[in-house]
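We did not get these values from a lab; they are worked out from the coordinates using the rules stated. Just so you know, these numbers come straight off a predicted model, no measurement behind them. Counting neighbours? That spans all protein chains shown, and the Cβs are built from the backbone with ideal geometry, glycine included.
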Amino acid sequence: MNLAFIISSLSKVISPVIYRIARMTVYRKLSPEVKWEEAKLLTMEEFSALLDKYPYRSDYLFGLVDFTIEEPELFFTQNRSYNRDCDDFAQMWLLWARENGLEAWKVYIADGLSIKSAHAFTIILKNDRFYLCNLSLHGHYSSIEEAVSRFEHEELVEHGRYRDLKWAVRDYY
């Protein structure tokens with residue numbers, strides 16, 4: 001059983017429903033600090049620096065009520081106490097890649113069956129190199145597998161190194 005695949009499958013179904021509910025209630029009005037029309041034109045490095053300005057915010061109930069943003073402007077809304085977690089950063093990277101004509105993959109990982117280790121990030125193919133776009137840009141690699149394996153060798157997230165890395169690719173653009 002691959003927990004990363006299960007999480008990515010559930011997210012694909014549940015996240016849009018929760019997003020719609022939150023958008024109609026909690027986030028009825030948007031007041032973004034940055035316009036998507038400007039952000040999508042930034043270079044990869046500039047876009048990474050822009051994302052770095054926005055703090056990670058877990059979803060409600062420690063991620064149990066999870067949704068992924070669908071409108072980039074919601075990411076750039078500063079006064080938020082929740083809902084800017086790893087899958088939102090991954091989604092922003094996917095949207096940026098699509099706007100810039102690049103191939104990209106959202107990847108879900110887990111350390112064995114540990115639900116607390118679940119994490120999402122994006123890999124972007126640019127100039128024959130695979131860029132690991134975690135919460136920010138983390139270098140380039142010769143393959144998707146090499147980029148994903150960095151989580152086994154480095155502490156790129158709060159969970160630390162992944163000793164029993166399981167992963168699944170979702171949301172290809």
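Here are the numbers:
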quantity	calculated
Using a Förster distance of 35 Å, the FRET efficiency for Leu125-Met24 (Cβ separation, nearest 0.05)	0.45
Extended-chain gain in nm, criterion 0.36 nm per residue less alpha-carbon gap, Glu37 and Ser114	23.9 nm
Residue list for the range 101-118, given a label point 7 angstrom along the Cα-to-Cβ vector of Val169 and an amide N cut-off under 17 Å	102-110
For the chain, size of Cβ-based charge dipole, Lys and Arg +1, Asp and Glu -1, in debye	520 debye
Subset of Lys29/Lys166; Lys12/Lys116; Lys35/Lys116; Lys40/Lys106; Lys29/Lys126; Lys12/Lys166 violating a 29 Å alpha-carbon distance limit	Lys29/Lys166; Lys35/Lys116; Lys29/Lys126
Sum of -39500 (n - 2.57) over DSSP H runs of 4+, divided by residues of the chain (222 nm, nearest 500)	-11000 deg cm²/dmol
Using a Förster distance of 22 Å, the FRET efficiency for Arg98-His153 (Cβ separation, nearest 0.05)	0.15
Positive-end extreme of charge dipole, the chain - chosen from Leu165, Tyr27, Ala97 (charges on Cβ)	Tyr27
Histogram of C-alpha separations across the chain, 5 Å bin width, %	1, 9, 18, 23, 21, 17, 9, 3, 0
Dipole axis of the range 106-162 (+1 Lys, Arg; -1 Asp, Glu on Cβ), positive-most option in Ser149, Ile115, Cys133	Cys133
Sequence ranges 45-53, 4-12, ranked by mean other-Cβ count within 10 angstrom, highest first	4-12, 45-53
